[in-house]
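S.K.: I have a structure I would like to understand better, so I am pasting it below and will then ask my questions one at a time.
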Amino acid sequence: ENVNTARENVNRAGRAVDIALDALQRAGAGSPLPATPRAQELIASPTAFTEFLDSNSIRCRTAAARRARPSELVNDQRYAFVGRQQVLESVLKGWLDRFVNFRRLAPTRHKLDKAKLVVLPSAPGMGKSRILSVLACNLAAADSVDEFGDREAKEQALAAVKCQDADLLREFRNNLRGAAAVCLSFNGASARTVDREEIPKARHALLSRLLWSHFCPNVPYRKFVNVIKDYASQLEFEDVLDLLLADVGNTTHLIVCVDELLLVRNGDSPGWEQVSAAVAEVLSEFSDTLDRERRVHVVFSSLSEQPILQWQTATLRYAEPIPLPRLSRDEARAMWGDRHLETGEDAKSVKRRAVVEQLVEDCAGAPRVLEGLDRHLESEGITDLVTVQHQMWRTQLGSLWNRLDMASLPHVLAMVLSGENCSRPDMESYTQMGLFLQSPATGSLVPEVPPLVLGMLHQRRFGGLAGRMLDAVSEFMLLDKLTSDAREAFRDFEFQMAHLLRLRLFVLEEKGRTHFSLVDLLFVEGQAKSQLDGTVWRRTGSSSDDAPLYKLPLDSDVGVFILNDEQIVDAASRSTLGAIYIPQRANFPGADLFVHLPSGELIAVQVRLSAQDANNVPGVSGVQQVLGSFCKASACAELLPMTAAFVVLARREAAQSLSMKAISPSEYVWETCKEVYCLADHDLMRIVPFSLRLRPNLQIFMHSE
């Protein structure tokens, strides 16, 4: 305490000496020019500062407006405040703890020992700015409009926080109800062009933005900087806060909301380390301020916790990160209401309504994506899904690009698309990528990316393995189609299965595999082997044998090609690259597609999942018939020696009674085929990475009777 007091006295004495020396120098020179005011003189009082700005043609807001309404962080607000009440309460609880601690220390006149900073870290588009705007609203301002429930949300949060001392709690609530606020978008000011050129130190840039946001946010910031830049390096935190507190009133509390404490775009200079150091400087200044009993409450938002954690480690200070929950689908529907939902009952209206409802579910997780969808449908209507994806990528999810680490993208996509539980560090990297816009199932560590977001990533046209994964996802999930009709989806079902197998190969490649079994290809990892009993037959007649391994295509694009019979035979005989072939004619005898591996082996796949026609549902004998058709077909004579495995995707009824004894593939099949699989439709759903959250059309098709 003595050291801190001494440091403050030295700083004050130094400033007084500077002022005196400057005055003596001007007096001795006898200059007829008017004396240039120093920064301390400018901010000695609100009147002096506003008169200085007015003399430089900068018009300030009125004193009443400065006390009642902070500068806006959120423009064009469209939705009620939903799904963030717990976050508000957590921020207010942090402020309440500091307030109570100070009051308990007041009789001893001790300083608070290392007050906590309240920080809201999250990915882009999660509603950080909106939460700060709610915290900043003045409940005592009579002319405030509460169209979207911000004032009500803050009032409910104040009522929810608790304290054992009823008198202190009542005083705290009254202070916060009438508190003035100053809000600024810092955006990593040391990395922004105007600040980097004119005000190189982050702490001075922040103080400059505090003054601008409070007094004259209606004036272009660059114009304000041109006036204040000669004084910015002389600004001190304590002096600026004293000025703001004097302006809002001697008893009024002040809420300081710093939005986007850190924002670094790819390619920006200075680099991450320099910006992190600047952020640490700002955090330390605010920590020193909060250690004193002042009428100030501070909250930050940031895209990343990393520099904050580094600052904590280096300074042994404390920050309280409060995570922002992802909007659930129910909350997204509640926010959306009946926007763009046609009320007619004709087929076209019903279809368009179903499509909009699906898009709303796709956008659940991040409020900004919902807002982008609303703006797009308002201006463009429903055209085709590719246009929606492209426009929303350009206008709404560009901030994701700030976070994408290209080297990590294949790993993150593979983690999402594999449908497996992931570790906490993996989930953290997923969040840092800015992709975590959809929350996993309750109690699960399986991440999800909505189809629309996957489509928007696909529109970005990534290269390499990430691009190939996104291509396969787009084709498999029909991301370029606006349909909720099961029959329409069925027409593309074999094509979807081809791209699903292609996607599974890419996931195995990213995991560093060189060989795989059919279990690896057809099922997500971690499923019990017992789930496969009764559906697999191997050449020896035993399902307990070690599964045969096939060589994985590596470092090459596994393409999907539609070819006629002769072209398939020619490609299978000549090509050494991985590929998937789909026969041109509707029913190639016994097989609907072939997976061709670099070793020359083929995996033949027959899709027998006809949706409504019971006559096309194969029973036990039907599976045998499928194999027989494949063996006897003249077109397969040259393909059969290369066929190492045969997979039948059958209806549930066809697989329920199957056993190893129920089917006897001909000896001719076993001469080349290492194994035969018959998968029921409920097994097929396990092939599909459920983190993709299949569109309802495929689920309707799979579960229809």
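S.K.: Work out how much length LEU309 to THR251 would gain on full extension: take 0.36 nm times their residue separation and subtract the Cα-Cα distance, in nm to one decimal.
M.R.: Here the segment from LEU309 to THR251 would lengthen by 17.4 nm.
S.K.: Let me ask you something else. Carbon and sulfur: what percent of segment 273-400's accessible surface (1.4 Å probe)?
M.R.: Answer for segment 273-400 is 49 percent, counting heavy atoms of protein chains only.
S.K.: While we're on this one: Going by the alpha-carbon gyration tensor, a ≥ b ≥ c the square roots of its eigenvalues, is segment 40-102 rounded (a/c under 1.5) or, if a/c is not under 1.5, prolate (a/b greater than b/c) versus oblate?
M.R.: oblate
S.K.: Still on this structure, please answer the following. Tally up the carbon and sulfur contribution to the accessible surface of segment 43-107 as a whole percent, 1.4 Å probe, everything protein left in place.
M.R.: Answer for segment 43-107 is 47 percent, counting heavy atoms of protein chains only.
S.K.: Now a separate question. Obtain the nm distance between the two label points defined at THR514 and ASP346 by a simple spin-label model: each point lies 7 Å from its Cα along the Cα-to-C-beta direction.
M.R.: In this crude label model, THR514 to ASP346 measures out at 6.3 nm.
S.K.: Highest mean first, what order results for 154-160, 355-361 on Cβ atoms within 10 Å?
M.R.: By packing density, highest mean first, the sequence is 355-361, 154-160.
S.K.: Rolling a 1.4 angstrom probe over the protein heavy atoms, how many square angstrom per residue are accessible across segment 337-394?
M.R.: 46 Å²
S.K.: Next question. Suppose R0 equals 35 Å. What FRET efficiency, 1/(1 + (r/R0)^6) with r the Cβ-Cβ distance, do ALA64 and GLU8 give to the nearest 0.05? Intermediate results must be reported in sequence, preceding the final value.
M.R.: On the way: r = 34 Å, r/R0 = 0.96.
Computed FRET efficiency for ALA64 and GLU8: 0.55.
S.K.: With every protein chain kept in the model, how would you rank ARG78, ARG103, ARG295, ARG424 by accessible area, 1.4 Å probe, largest at the top?
M.R.: ARG424, ARG103, ARG295, ARG78
S.K.: Same structure, new question: Could you rank the peptides 321-327, 450-456 by their average count of other C-beta atoms within 10 Å per residue, with the highest value first?
M.R.: My ranking of the peptides, most packed first, is 450-456, 321-327.
S.K.: Another question about this same structure. Can you tell me the order of 131-140, 280-289, 507-516, 206-215 when each peptide is scored by its average per-residue count of other Cβ atoms within 10 angstrom, highest first?
M.R.: 206-215, 131-140, 280-289, 507-516
S.K.: A further question follows. Strictly greater than 18 Å: what percent of every Cα pair in segment 332-393 meets that?
M.R.: It works out to 29 percent of all Cα pairs.
S.K.: So if each residue of separation counts as 0.36 nm, and I subtract the Cα-Cα distance between ALA44 and CYS163, what length gain in nm does that give?
M.R.: Computed gain between ALA44 and CYS163 is 39.1 nm.
The values are calculated or read from the model by the stated rules, or taken from the named source; none is laboratory data. Note that the structure is a prediction, hence the values are computed from the model and not measured. Here the Cβ is made from the backbone with ideal geometry for all residues, glycine too, and neighbour counts use every protein chain on show. Calculation scope for accessible area: heavy atoms of the full protein, side chains included, ligands and nucleic acids excluded. Shrake-Rupley method; radii C 1.70, N 1.55, O 1.52, S 1.80 Å.
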